[in-house]
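These notes are about the structure you will find just below.
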Amino acid sequence: MNDIFEDLQWRGLIHQTTADELLPKWLSSGSRTVYAGFDPTADSLHVGSLLPLMMLRRFQKAGHRPIAIAGGATGMIGDPSGKSAERNLQTPEQLAANLAGIESQMRHVLDFDCGDESAVLVNNNDWMSQFSYVEFLRDVGKNFPVNVMLGKDSVKSRLSSEAGLSYTEFSYMLLQAYDFVHLNREHGCELQIGGSDQWGNVTAGIDLGRRMLGAQLYGMTCPLLTKTDGSKMGKTESGAIWLSAKRTSPYKFYQYWLNVADEDTGTCLRFLTELERSEIEALDESRVSAPEQRASQKKLAEELTRLIHGPSGLATALQATEIFFGAEIENLDDRQLTDIFADVPSCELPATELAGEGLGIMDALVKSGLMKSNGEARRSIKQGGIYINNRRVGEIDRRLTPADLTSETVVVLRSGKKKYALLRFSS
RNA sequence: GGGGGGUUACCGAAGCGGUCAAACGGGACAGACUGUAAAUCUGUUGGCUAUGCCUUCGCAGGUUCGAAUCCUGCACCCCCCA
């Protein structure tokens, strides 16, 4: 059992704890059960969940038992953290499908089958839905002094704002607090971890545990993973970065991390990877001495892609990266191309188009959707912005023939630096 | 209800009878440079079977050899007075 507390501390992952003095000893003196909450509103987690997920992984590796709790019930109500839109109720089928998707992703990070320290995924709707309103008020609500609740930052800030706070949102902390009590009773869970914005909810759970069970529970929060400009990690103009390969291809996932700004990379390495301190410090150094090599970003992207998408996902991402940034495309088969160009639009054409004179390049560009009109295609070619299989096209009367097929049936068209389209010639 | 102003390409904005596919700025796209960054520089930015042809300047008509530009009606927007 290594000293997890010290490791977390130098990584900067400890924002606040409920027992600064006791916690290190408590963690190193036995196997504990730890939980963190996740949002089951989609069938995949996104990059924002990576930090708590890695936290659980660190605890599991240090010999503790992780519990991931999906907020099937609390997710319907909404944390009163300035969200404007009402949450929608999900059907039980949707929720089940989402949980299944999330669990399959968690399996990459957590070990669900290793005896005493096996990870567990639970859904708080399973026990919340058992309560009647009166029962909940009697068993749980009775233990919440309103003056304490009013003292929480999340409530105070909302009360003084114009938006106000609905009774439902005000009650949110009771639900989350009860989760902790339930997990303690059913699973012996004694520590809750979460983002620093969860502090109020975490401590509410600890208070409730003491009142209802007389139990000594602990809480720990991590800093939020944000970029230096204050925006959230994991968001791009085109949407969130997901952990599911279906929603975000391994290539895009890899590229996201490869493109992290220098200033943010050190934090990401500490928060999201398991690299040794010495290695991370060497990378910090490299960002000063040889920033153009971006060794930190490469390592970060590599570690995370391997963890989430496995060695084969990483291999695909690396191969795709090589191709997307210049390498000529050759010696690949349809399967590999399909993997690599997973995000790229493609269009089917009959193989006969290639026969005889072949298919005019301008025609091909328009049909692929890469260019809106012949005129645009003509311009781009003249400007040197069009490539076939990553080889620049020189003349506008270039024609595609079977010799241009880079695999059994595919020709790869590219406009500019990164815009690709596949033409599939089926017989 | 009365008076005035506006509606131009992706956006903003010139043009006020021919030389207008329409200045200029932004954006976007491409190229060079570069660290797959930022900045910078260059080019392009209605369509086509392309030194020409076609369709565009709120909508519908009209005047004229010729209209984004003038006239009439309609729609929408803004301002001022009641």
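The values are calculated or read from the model by the stated rules, or taken from the named source; none is laboratory data. None of the values given here were measured: they were computed from a predicted structure. For neighbour counting, all protein chains shown are included, and Cβ atoms are generated from backbone atoms with ideal geometry for every residue, glycine included.
Scan region A:15-31 for residues that are surrounded by 18 or more Cβ atoms within 10 Å (Cβ to Cβ) and assigned to a loop (DSSP other than H, G, I, E, B) and the total you get is 1. In region A:262-275 there is at least one residue that is within 11 Å of RNA strand B (Cβ to nearest atom), farther than 17 Å from A:W10 by Cα and not aliphatic (A, V, I, L, M). Can we say A:R287 is basic (K, R), more than 13 Å from RNA strand B (Cβ to nearest atom) and over 21 Å from the mean Cα position of the chain (by Cα)? So A:R287 fails the test.
Yes or no, residue by residue, for (1) among the hydroxyl-bearing types (S, T, Y); (2) closer than 17 Å to A:F341 by Cβ:
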{"position": "A:L354", "(1), (2)": "no, no"}
{"position": "A:S373", "(1), (2)": "yes, no"}
{"position": "A:I396", "(1), (2)": "no, no"}
{"position": "A:E408", "(1), (2)": "no, yes"}
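Any chance region A:32-42 includes a residue that's basic (K, R) and either modelled with pLDDT of 95 or more or in a loop (DSSP other than H, G, I, E, B) (or both)? Yes, region A:32-42 contains at least one residue that is basic (K, R) and either modelled with pLDDT of 95 or more or in a loop (DSSP other than H, G, I, E, B) (or both). Residue pairs whose Cβ atoms lie under 7 Å apart, sitting 6 or more positions apart in sequence or on different chains, and linking a residue in region A:256-283 that is farther than 12 Å from A:Q297 by Cβ to a partner that is among the β-branched types (V, I, T) and away from RNA strand B (no atom under 16 Å from the Cβ), are A:R270/A:I280. Taking region A:112-190 as the region of interest, the helices (runs of 4 or more DSSP H) fully inside it that hold 2 or more residues being farther than 28 Å from A:P52 by Cα are A:133-139, A:146-151. Residues to consider are A:P66, A:P80; find the one that is surrounded by 16 or more Cβ atoms within 10 Å (Cβ to Cβ) and modelled with pLDDT under 90. Among A:P66, A:P80, only A:P80 is surrounded by 16 or more Cβ atoms within 10 Å (Cβ to Cβ) and modelled with pLDDT under 90. Among the residues that make up region A:215-227, is at least one of them under 13 Å from the mean Cα position of the chain (by Cα) and of a type in the set (A, V, I, L, M, F, W, C)? Yes.
Looking only at residues in region A:394-421 that are buried (at least 20 other Cβ atoms within 10 Å of the Cβ) and of a type in the set (A, V, I, L, M, F, W, C), the one that is farthest from RNA strand B (Cβ to nearest atom) is A:V410. State whether one or more residues within region A:251-260 are more than 13 Å from RNA strand B (Cβ to nearest atom) and of a type in the set (F, W, Y). Looking through region A:251-260, none of the residues is more than 13 Å from RNA strand B (Cβ to nearest atom) and of a type in the set (F, W, Y).
The single condition from (1) within 16 Å of RNA strand B (Cβ to nearest atom); (2) assigned to a helix (DSSP H, G or I) that A:T228 fails is (2).
Take A:V140 and tell me if it is among the hydrophobic types (A, V, I, L, M, F, W, C) and touching a strand residue (DSSP E or B) at 6+ places or on another chain (Cβ under 7 Å). Answer is no for this residue. If you go through region A:303-325 and pick out every residue that is under 17 Å from A:V47 (Cα atoms), surrounded by fewer than 21 Cβ atoms within 10 Å (Cβ to Cβ) and touching a residue at least 24 places away in the same chain (Cβ under 8 Å), you end up with 3. When you check A:R294 against the structure, is it among the charged types (D, E, K, R), under 30 Å from A:Q336 (Cα atoms) and more than 10 Å from RNA strand B (Cβ to nearest atom), yes or no? It is false that A:R294 is among the charged types (D, E, K, R), under 30 Å from A:Q336 (Cα atoms) and more than 10 Å from RNA strand B (Cβ to nearest atom). Exactly one residue out of A:L314, A:L365, A:L354 is at pLDDT 85 or above and not assigned by TED's automatic domain parsing to the domain that holds A:K382: that is A:L314. The numbered conditions (1) more than 10 Å from RNA strand B (Cβ to nearest atom); (2) within 27 Å of A:T409 (Cβ to Cβ); (3) hydrophobic (A, V, I, L, M, F, W, C) are all true for A:A320 except (1). Go through region A:368-389 and give me each residue that's within 6 Å of RNA strand B (Cβ to nearest atom) and not in a loop (DSSP other than H, G, I, E, B). The answer is A:N374, A:G375, A:E376, A:R378, A:R379, A:S380.
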